[in-house]
Amino acid sequence: MTRAKIRKFFMYAFLIIVSFVSVFPLYWMVSAATNKSADVISGRLIPGTYFMENWKNLIAAQNIGRAFGNSFKYALILTFVSLVVSSLAGYGFEIFHDKAKDTLMSIILLAMMVPFVATMIPLFQMISKAGWLNTTIGFILPTISTPFLIMMFRQSARSFPHDIMEAARIDGLSEIRIFFQMFIPTMRSTYAAAMTITFMNAWNSYLWPKVIMTDATSQTMPMVVANLTEGYVTDYGMLMLAVLICTLPTAVVFFCLQKAFAEGITGAVK
């Protein structure tokens, strides 16, 4: 074998091993969802025939349909509002650029270093006094825009063709029409990347919903999964089935948007 073939062989062998290691946790989760709790504890890797029993136990223990609907509603609303607000902010910071906005942007970026737990108690007091506990607005308000999304849209706006924008202004288009009719269609990949990140963060959010969603009717999927671990005995087959159900929406969103996600992260504009 030549040196090139040997290098290629080891490269593919390495990639196969890494792929297996990456996919194995997902396979184990699916397999565990079809086995009894005792089989999961014993380390059984072969899929079993206990899926329907785990499903019956799960819907008897928790209201999965309501929690799934809550998570889906909160995630969709937060994603839509966050994209509009963050993209408007990023567009404004770049298109109407000056030194004062650079200073303000630096201050906003400094907020990324403040951990959420440091602001959680004041946020809870504000939400509680406003009467927004167990509500959608209470869920989305703290993360309606993030420094990371604003920075990402600002960076993307730098590649927006200013000549076309100037021509649109001469033709009489308002700034809001330029944003919605020209900027948004041009930045599709950036919006796809931001949507993927925001939806996954909103869907997987646990700490903030745990604080403000005190009513059982407002619980989300991560909260339901956490509830299954409470008590003296944990049914791991039922637990892994709940984890599988909780994982599916984010996996579907990512796989559907992975190409646009990669383009948006790298700053590609079409």
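Based on what the data block shows, is Met151 at pLDDT below 85 and surrounded by 16 or more Cβ atoms within 10 Å (Cβ to Cβ)? So Met151 does not fit the description; no. Of Ala268, Ala226, Ala242, all but one fail to be modelled with pLDDT of 90 or more and either under 20 Å from Thr190 (Cβ atoms) or among the small types (Gly, Ala, Ser) (or both); the exception is Ala242. Taken over region 96-132, the residue count meeting the criterion of being part of a loop (DSSP other than H, G, I, E, B) and surrounded by 14 or more Cβ atoms within 10 Å (Cβ to Cβ) is 2.
Condition check ((1) within 17 Å of the chain's Cα centre (by Cα); (2) closer than 15 Å to Phe68 by Cβ; (3) surrounded by 17 or more Cβ atoms within 10 Å (Cβ to Cβ); (4) not charged (D, E, K, R)) across all residues:
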{"site": "Phe180", "(1), (2), (3), (4)": "no, no, no, yes"}
{"site": "Pro185", "(1), (2), (3), (4)": "no, no, no, yes"}
{"site": "Arg188", "(1), (2), (3), (4)": "no, no, no, no"}
{"site": "Tyr191", "(1), (2), (3), (4)": "yes, no, yes, yes"}
{"site": "Thr196", "(1), (2), (3), (4)": "yes, no, yes, yes"}
{"site": "Ser205", "(1), (2), (3), (4)": "yes, yes, yes, yes"}
{"site": "Lys210", "(1), (2), (3), (4)": "no, no, no, no"}
{"site": "Met213", "(1), (2), (3), (4)": "no, yes, yes, yes"}
{"site": "Thr217", "(1), (2), (3), (4)": "no, yes, no, yes"}
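Looking across region 62-88, the residues that are farther than 14 Å from Met221 by Cβ and either of a type outside the set (Gly, Ala, Ser) or surrounded by fewer than 20 Cβ atoms within 10 Å (Cβ to Cβ) (or both) come down to Ile77, Leu78, Thr79, Phe80, Val81, Leu83, Val84, Val85, Leu88.
Here's the yes/no breakdown for (1) over 18 Å from Val85 (Cα atoms); (2) basic (Lys, Arg); (3) touching a residue at least 60 places away in the same chain (Cβ under 8 Å):
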{"site": "Val114", "(1), (2), (3)": "yes, no, no"}
{"site": "Met126", "(1), (2), (3)": "yes, no, no"}
{"site": "Ala130", "(1), (2), (3)": "yes, no, no"}
{"site": "Leu141", "(1), (2), (3)": "no, no, no"}
{"site": "Phe153", "(1), (2), (3)": "no, no, yes"}
{"site": "Asp163", "(1), (2), (3)": "yes, no, no"}
{"site": "Arg188", "(1), (2), (3)": "no, yes, yes"}
{"site": "Tyr191", "(1), (2), (3)": "no, no, yes"}
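The values are calculated or read from the model by the stated rules, or taken from the named source; none is laboratory data. From a predicted model like this one, the values you see are computed outputs, not experimental measurements. Using ideal geometry, Cβ is built from the backbone for each residue, glycine included, and neighbour counts are taken over all protein chains shown.
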